[in-house]
Amino acid sequence: MEERTAARHLAGAELWALIEVAPGSAQGEPRPASVGDTAPAASAPPAGEAAASNSPGHKPAVALVSGWEDGEPFCATICSTDVGLQYCRRCPEDVAARVFQTGHAAHGRCQAGGLLLGFPAPRGSRTTAAVLRVAPPSQREAAGAARQTRVAPGALRRAARQAPPANAEAALAAARVLRDPILLFEWQVHQRARGSDRRRTATAALAQMVATSEEFYELYRDSQKQRRELERNQRRLDRLARQTLQASDLERARIAHQIHDTAAQSMVSAFRFLDAARAYAAGHPGQSIDSYLETASDRLVTAIKEVRAVLADLLPPGLEELGLAQAIRSRMQSLAAESSIEMILDGELPHSTTGWSRPCTG
């Protein structure tokens, strides 16, 4: 476990000031006593202070001047929440008030159970007092402050268990620093520098958080834009897929009807003539059936031509070998021969037939 040192005590030390009542104030308006007042210990306190000290049950009003309560590991755990910070910030008030009442050192416990030591700082002062957090509370006492500080009991118990134990020599060394006027001034300067560093760090962190939030917002807007674009592309792709499927169905239906109306009819007609020829030959032995066979042969030739025409519509001849331009010219020549309409192909077409040609292997 880490040893408690004087530097650790000084990191968590606080300086408190006595709040006096302004003389002649009708409202009893309080004002803090000057931090630089260092009246000797043997000298009599001011009249207002003496009266306050002698009145039974009177508790002097005190105010925090400087110091960081989160210098101690256990206090840093409590100060992790705003409620815990206010809870920890007011815990040394009673010890500081007793120092001002008696003019001597006083000890006590904070609300969470930690051991506190208060004394005039600098030596002999009746207006300012230093408070040291000497030892952490027990784990049971620490867990008891969970509801008031809004910190998990397990975290408080763990912080109390891991906090360094009390070290009398380190506490006395820290007290000597704070009772010396010059060293106390240096400590205050150091505390002010710590405060400035913390404020700068907090400001930089806040600026970084703002910049990061703006970047996240821009990323969110870009992601939303990309998501909408992706949805549009997906809808377009679905529409094209449906159109492709419909076109494929229509093309299959067209080919089926074309084969049914042409080649299939011719084949059926050829079959019937062959069947008639067989029946005639069975009923008239020795007679010629050449007329039936010729008619059936003509029907089969017609069916073959119709099948080839359908295949030519699906894959024009010469498309793979001669390219798209030559295939179109051949089709135009056949149409011109059938319709007597002259056709001319104007323009240049690539010879490559990527998408129709077979893949090359070798």
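Values in this text are rule-based calculations from the coordinates and carry no lab data. Predicted, not measured: the structure shown is a model, and the values here were computed from it. Please note: Cβ atoms are built from the backbone with ideal geometry, for glycine as well, and neighbour counts cover all protein chains shown.
Starting from the Cα of residue 85, step 7 Å along the direction of its Cβ; do the same at residue 202; then give the gap between the two resulting points in nm.
Spacing of the two 7 Å Cα→Cβ label points: 0.5 nm.
Order these peptides, 225-232, 294-301, 9-16, 60-67, by their mean beta-carbon neighbour count within 10 angstrom, highest first.
Output ranking for 225-232, 294-301, 9-16, 60-67: 9-16, 60-67, 294-301, 225-232.
Charges on Cβ only, +1 for Lys and Arg, -1 for Asp and Glu, centred on the Cα centroid of region 84-186; of 167, 91, 185, which one is farthest towards the dipole's positive end?
Result: 91, furthest along the dipole toward the positive end.
Each residue of region 129-137 in turn: what ³J(HN,Hα) in whole Hz from Karplus with 6.51, -1.76, 1.60 and θ = phi - 60°, glycine and Pro shown as x?
Result, rounded to whole Hz: 9, 9, 10, 10, 8, 7, 9, x, x.
List every residue whose amide H lies under 5 Å from the amide H of residue 66, counting only residues 5 or more places away in sequence or on a different chain, with H placed 1.01 Å from N in the peptide plane.
15
Which whole-Hz couplings ³J(HN,Hα) result when phi for each residue of region 236-247 is put into the Karplus expression 6.51 cos²θ - 1.76 cosθ + 1.60, θ = phi - 60°, listed in order with x for Gly and Pro?
Here the 3J(HN,Hα) series is 5, 5, 5, 5, 5, 5, 5, 5, 4, 5, 5, 4 Hz.
Taking amide H positions as placed in the peptide plane 1.01 Å from N, state which residues far from residue 107 in sequence (5 or more) or on other chains have amide H under 5 Å from it.
Long-range HN contacts for residue 107: 118.
Let me know the shape class of region 77-223, please: from the alpha-carbon gyration tensor, a ≥ b ≥ c as square roots of the eigenvalues, rounded when a/c is under 1.5, otherwise prolate if a/b is greater than b/c, or oblate. Each step should come with its number before you reach the end.
Values: a/c = 2.75, a/b = 1.59, b/c = 1.73.
Oblate shape, in that a/c is at least 1.5 and b/c is the bigger or equal ratio.
Out of 244, 196, 226, whose Cα points farthest toward the positive end of the dipole of region 186-250 (charges: +1 Lys, Arg; -1 Asp, Glu; placed on Cβ)?
196
Taking a ≥ b ≥ c as the square roots of the Cα gyration tensor eigenvalues, with a/c under 1.5 meaning rounded and otherwise prolate when a/b beats b/c, else oblate, which class fits region 75-153?
Prolate, because a/c is 1.5 or more and a/b exceeds b/c.
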